[in-house]
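Derivation of every value follows stated rules applied to the coordinates shown; laboratory data play no part. Computed from a predicted model, the values in this text were never measured in an experiment. In this analysis, Cβ positions are derived from the backbone assuming ideal geometry, glycine residues included, and neighbour counts consider all displayed protein chains.
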C-alpha cells in the first residue's frame, strides 16, 4: 500500500473485512443452523398435513439430530397467519396444502398474503382425494351417486373441512362438472368431517387419501373413486371420477413454507435435509401405505406448482361464486 496514509490503509482493510463478512455470512448462517428447536406448524391433528409433519419431525430428529416438534393449530387460516407473523429465521415452518393459497380467494377474514408472506422450501407430497360414502348409502358407483343426486328424492349432503379446503373444492368441482347440487355441510376440520360420514350424519365426502384410506380398508367408509386423472397404483380397483365425469381432476399438493425474508442459505439447508428424509427408503412404505405420493422437490418447483393451482382453481372459485358468507 505504498503511498497510502495509515488512515486510508486502515479504511481499506476495514472495508475488505466487511466485504468478506458479507460473503461468508450466508455460509456461516447455514453451517450454524439449527441452534435451537424447529417447529413445524400445521393444521389440526388427523389430517394429511399433520401426518407428513410428524414423519418429517421424526426423520429430522433421528437422522439429522435436529430438535423438531409439531405444533397443531385449529385450521389452515390460523396456522398460516401464525407462521407468516413468525420471525423469518427458519425455526418456524408451515406445512399444509392448497388451503394456504386458495383460502384467500374466498375468505375476506384472511390476514396474510400467500405469495407475499411465504417462501417455498419443498413440495412434500401429492395425494388424491377419495370419493367416499357411508356404507349404508345405496350408491356403489360414481354414476349411482350422480343419479341419486339428480333424482331429488332425498337431498344428498357432503361433508367438508373449512372453506377452500380440498374436501370442499373437490366436491364443488364435482357438482359443477356433473351438473348436480350436493349441499355442503361444513366442519371445523378433516377429522370432524370424516366422523360425520362414518356416523351417517352426512352421506358423502371427498377426503384426502391419507385420511380416508385406512377407513376404506377397515370398512368404515366405502370408496367409490379416486380424483386423479389416471387410476392410482396406490388404490387398485378404485376407478377415477374422470371415468364417469370427463375431465375431472382434483389432486392435492402439500409443501413446506417459511416466512418471507428467511435467508436463502437457511432455506437451502432446510430443503437439503427435508428432501433427504422424504426420499429415504425407510419412509417409502410408510408413504405408500398411507396413500401418499412422496415428492421432495426444489423450492422453485413448489413455487411454480402453487401459481398454477391458484390459476386453475381460482377459475372454479369465481365461476361457482364461492365466498365467505
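Projecting label points 7 angstrom from Cα along Cα→Cβ for residue 230 and residue 272 puts them 3.4 nm apart.
With the convex hull drawn around the C-alpha atoms of the range 99-145, the volume per residue stands at 145 Å³. Per residue, the chain reaches -14000 deg cm²/dmol at 222 nm when only DSSP H runs of four or more residues are counted, each adding -39500 (n - 2.57). Of all beta bridges that DSSP places with both ends in the range 128-243, some 55 percent have antiparallel geometry.
When the label point is put 7 Å from the Cα of residue 261 along its Cα-to-beta-carbon vector, which residues of the range 104-127 have a backbone N closer than 19 Å? Under 19 Å, as judged by backbone N against the label point of residue 261, lie 111-121 of the range 104-127. With the simple model of a label 7 Å out from the Cα in the direction of the Cβ, residue 108 to residue 323 spans 0.8 nm.
Once C-alpha pairs closer than 8 Å and six or more residues apart are averaged by separation and normalised to the residue number of the chain, the relative contact order reads 25 percent.
Look at the alpha carbon pairs under 8 Å that are at least 6 residues apart: their mean separation over the length of the range 128-243 gives a relative contact order of 38 percent. Take the alpha carbon gyration tensor of the range 128-243, find the square roots of its eigenvalues, order them as a ≥ b ≥ c, and report rounded if a/c is under 1.5; if not, report prolate when a/b exceeds b/c, else oblate. The shape class here is rounded.
Distance between the pseudo-spin-label points of residue 35 and residue 67 (7 Å out from Cα toward the beta carbon): 1.4 nm. Relative to the longest principal axis of the C-alpha atoms of the chain, give the angle of the C-alpha long axis of helix 166-178, reported between 0 and 90° and rounded to the nearest 10°. The angle comes out at about 50 degrees. Global dimensions of the chain from alpha-carbon coordinates: Rg and Dmax equal 23.2, 98 Å. As a test, work out the antiparallel percent of DSSP beta bridges whose residues both lie in the chain, rounded to the nearest 5. Percent antiparallel among DSSP bridges in the chain is about 60.
Restricting the calculation to alpha carbons of the range 192-298 gives Rg and Dmax of 17.2, 50 angstrom.
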